[in-house]
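A short worksheet on the structure shown next.
Every number in this text was worked out from the coordinates using simple rules, so none of it is lab data. Because the structure is a prediction, the values reported are computed rather than measured. Because the Cβ atoms are built from the backbone with ideal geometry, glycine has one as well, and the counts that use them run over all protein chains shown.
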Amino acid sequence: MTNRHQINVDIELLKKYDQPGPRYTSYPTAPYFHEGVDEQVYRKHIEKDNQLKKDEPISLYFHLPFCDTLCYFCGCNMMVTHNRQKIEKYINYLIKEMALLRPLIGEKRKVMQLHWGGGTPTYLSPEQIRRLGNAIREFFDFEDEAEVSVEIDPRELTREHMEALKEVGFNRCSMGVQDFNPQVQKTVNRIQPEDITRQTVDWARELGLQSINIDLMYGLPFQTVDMFEKTLDIILDIDPDRLAVFNYAHLPSMIKHQRLIKDEWLPKPEEKLQLLKLSIEKLTSSGYVYIGMDHFAKPDDELTLAMNEGTLYRNFQGYSTHAGLNLFAIGITSISMLSDLYVQNVKKLNPYYERLEKGQLPVFKGVELTEDDILRREVITELMCNFYLDKKKIEQKYNLIFDDYFADALEKLVPLQQDGLIELQENYLKVTTMGRLLIRNIAMQFDYYLAKKEGQKPQFSRTV
Ligand SMILES: C[S@@+](CC[C@H](N)C(=O)[O-])C[C@H]1O[C@@H](n2cnc3c(N)ncnc32)[C@H](O)[C@@H]1O
Ligand code: SF4
């Protein structure tokens, strides 16, 4: 079966362009955050944006880092605990942080997007979900059409959890699966039988949650093309609205517990590319649309519609249909984004609690964007989300001659054009179907910091 969304993957091109590169959830990227950006800078920017954006809606993120067990591959900001009091205490402090932040944000600004990420937000008990969910709604008013989403681990979830999520207004969810193969699951310490995942999806559907997403991973130990195809077959039968198929980032020198996964258990680079090829070809030939950066969605999903209309947007919460909202992030390690500022919260619990006890916002580093950063962020976002860049629009908005300002980038794009990844025209730049798979490589050509810092680059995961 073929359809118009089908993508055929050229492995040789993937090999040629496989190199470390940023994922551009922010620009400038996190390695350029520094401690010169503190609470005072954050407060100043919130005030500035209140004036600039007056009654505009906002986005909220809550980081819930706790998990029941450790998946050995995990690269998220998480910690295992079985101490319910510890979670209870953390929720108290999330509410404290919200209480400090709320009065700084324009009173009329409502929430258009709320996301709980982790760790595992559903490791909270149903009562804790209600307590935090209700507290958020006491502090903030929500837009009627707000996107309210949560990350779920099907393994500890009960129907009562799902009912509590629904009660406090969640209308979208995303759940981890990774791979259904028992040997892979055992090796990564994540035993998750198929029926648990099916049950979770059924509950979500019964309770009316939309846009159900499932996370898979390729490149895990002992994965083979034949076995991963079976996982994909089950997923196609479950029929989620969206799928993320992440490339396993194995960085044992930085993430200690990943040393429990031996290098020799991992698929070889060639096999890993075959796994990627299989995933893309099978999912796109089965009716999913490749949204970009590991993500797929049904043709009638709001993300696909937004991509078709050129209005897709991306930030730390992933893809969204709401461009450029101020994002206020609450909880350890989380990153907030204002019009021209990124700022990150402290990473450990104790300093987080200490700062809040003193009545301080718990931020510790960030970056203020220059005019050039703002321009390049828009170019990179347009390319990453909509695979198209209207040069004239950029010229008018920023009062510049595109081909002059970006002469270096355009020159570096020529080989990518010759390889059929991008079309360079007088008035626009268009990413081809194959170019979508290598979108980070295209975006990297517009990254001022990468160009400047040749030779002393920070460590990024590989682009394919
Ligand atoms: C916060 S978890 C999802 C919610 C929940 N904790 C769970 O695992 O079901 C986010 C997702 O990140 C992905 N992930 C975790 N570690 C990764 C790594 N080292 N490389 C690539 N993706 C990773 C997994 O697909 C995981 O489902
Ligand atoms: S993948 Fe999810 S459940 Fe597993 S350790 Fe990471 S955050 Fe926790």
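Long-range amide H contacts for ILE214: which residues qualify at under 5 Å (H placed 1.01 Å from N, peptide plane, sequence gap of 5 or more or a different chain)?
MET175, ARG242, LEU243, ALA244
When we measure straight from the Cα of LYS393, which aspartates and glutamates land under 12 angstrom away, once same-chain ones fewer than 8 places off are left out?
Within the straight-line cut-off, LYS393 pairs with GLU378, GLU382.
Quick one: which residues, 5 or more positions from VAL80 or on another chain, have an amide H under 5 Å from its amide H? H modelled 1.01 Å from N in the peptide plane, none for Pro or chain starts.
CYS67
Pop out the ³J(HN,Hα) list for segment 240-255 in order, Karplus 6.51 cos²θ - 1.76 cosθ + 1.60 with θ = phi - 60°, rounded to Hz; leave Gly and Pro as x.
Ordered by residue, 3J(HN,Hα) equals x, 6, 9, 9, 10, 10, 8, 6, 4, 8, 9, 10, x, 6, 9, 10 Hz.
Please check which bits of segment 141-157 a label hung off THR69 would reach, taking the label as a point 7 Å along Cα-to-C-beta and the cut-off as backbone N under 20 Å.
Label zone hits: 152-157.
Here are some pairs, LYS16/LYS256; LYS262/LYS430; LYS44/LYS298; LYS86/LYS256; which of them have Cα atoms lying more than 32 Å apart in this structure?
Among LYS16/LYS256; LYS262/LYS430; LYS44/LYS298; LYS86/LYS256, the Cα-Cα distance tops 32 Å for LYS262/LYS430; LYS44/LYS298.
Applying 1/(1 + (r/R0)^6) with R0 = 25 Å to the Cβ-Cβ distance of ASP10 and LYS268, what FRET efficiency is obtained, to the nearest 0.05? The partial results should precede the final answer.
On the way: r = 19 Å, r/R0 = 0.76.
That pair, ASP10 with LYS268, gives E of 0.85.
List the aspartates and glutamates whose Cα sits under 17 Å from the Cα of LYS48, skipping any in the same chain fewer than 8 residues away.
ASP38, GLU39, GLU56, GLU107, ASP340, GLU368, GLU371
How long are the semi-axes of the equivalent ellipsoid of segment 158-261, taking √(5λ) for every eigenvalue λ of the Cα gyration tensor, in whole Å from largest down? Mind showing how you got there, number by number?
Working: eigenvalues 145, 53, 30 Å².
The equivalent ellipsoid of segment 158-261 has semi-axes of 27, 16, 12 Å.
Taking the Cα centre of the chain as origin, work out the dipole magnitude from +1 charges on Lys and Arg Cβ and -1 charges on Asp and Glu Cβ, in debye rounded to 20.
1200
Taking +1 at the Cβ of each Lys and Arg and -1 at the Cβ of each Asp and Glu, which of TYR448, TYR288, THR120 sits farthest along the dipole of the chain towards its positive end, judged by Cα position relative to the Cα centre?
Comparing the listed Cα positions along the dipole, THR120 ranks first.
Given H placed on each backbone N at 1.01 Å, which residues far from TYR428 in sequence or on other chains put an amide H within less than 5 Å of it?
Hits under the 5 Å cutoff: LYS391.
Using Cβ counts within 10 Å as a stand-in for footprinting exposure, how do LYS96, LYS412 rank, fewest first?
Listed from fewest to most nearby Cβ atoms, that is LYS412, LYS96.
So, with +1 on the Cβ of K and R and -1 on the Cβ of D and E, and no other charges, what is the size of the charge dipole of segment 115-210 about its Cα centre, to the nearest 20 debye?
Using only the charged Cβ atoms, the result is roughly 420 debye.
At ARG137 and TYR449, where each label point lies 7 Å from the Cα along Cα→Cβ, what is the point-to-point distance in nanometres?
3.9
Name the residues of segment 84-125 whose amide N is less than 14 Å from a point 7 angstrom out from the Cα of LEU349 along the C-beta direction?
84-94, 120, 124
For segment 72-113, state which GluC sites (Glu not before Pro) are in a DSSP loop and have at most 11 other beta carbons lying within 10 Å of their beta carbon.
Details: sites: GLU88, GLU97, GLU107; in loops: GLU107.
Answer in residue order: GLU107.
In nm, to one decimal, how far is the modelled label at LEU104 from the one at GLU423, with both set 7 Å along Cα→Cβ?
4.6
Can you run phi through the Karplus equation (6.51, -1.76, 1.60; θ = phi - 60°) for segment 67-83 and list ³J(HN,Hα) in whole Hz, with x for Gly and Pro?
Rounded to whole hertz, the list is 9, 7, 9, 9, 7, 5, 7, 4, x, 7, 7, 9, 8, 7, 8, 10, 9.
How much length is gained if the chain between ALA249 and VAL80 is pulled fully straight, taking 0.36 nm per residue apart and subtracting their Cα-Cα distance, in nm to one decimal? Let's see the in-between values first.
Details: separation 169, 0.36 × 169 = 60.84 nm, distance 2.02 nm.
Additional length available on full extension: 58.8 nm.
Add -39500 (n - 2.57) for each DSSP H run of 4 or more in the chain, then divide by its residues: what number comes out at 222 nm, to the nearest 500 deg cm²/dmol?
Only helices count here, giving -12000 deg cm²/dmol.
How many angstrom separate the Cα center of segment 200-266 from the Cα center of segment 328-384?
Result: 29 Å between the Cα centres.
List the lysines whose alpha-carbon lies under 18 Å from that of LYS15, not counting same-chain residues fewer than 8 positions away?
LYS268, LYS272, LYS277
From the phi angles alone, apply the Karplus equation (6.51, -1.76, 1.60; θ = phi - 60°) to segment 322-338 and give each ³J(HN,Hα) in whole Hz, x where the residue is Gly or Pro.
Listing the rounded values in order: 10, 7, x, 5, 4, 10, 9, 10, 10, x, 4, 6, 6, 10, 9, 9, 10 Hz.
Multiply the residue gap between VAL41 and GLU371 by 0.36 nm, knock off their C-alpha separation, and tell me the result in nm, one decimal place.
The VAL41-GLU371 span can extend by a further 117.1 nm.
As a footprinting exposure proxy, order HIS115, HIS257 by other Cβ within 10 Å, with the fewest listed first.
Neighbour counts put them in this order, fewest first: HIS257, HIS115.
Taking neighbour counts of Cβ atoms within 10 Å as a proxy for exposure, in what order, fewest first, do ILE46, ILE401 appear? Mind showing how you got there, number by number?
Numbers: ILE46 20, ILE401 10.
Lowest to highest Cβ neighbour count: ILE401, ILE46.
If you wrap a convex hull around the Cα atoms of the chain, how much volume per residue is inside, in Å³?
145
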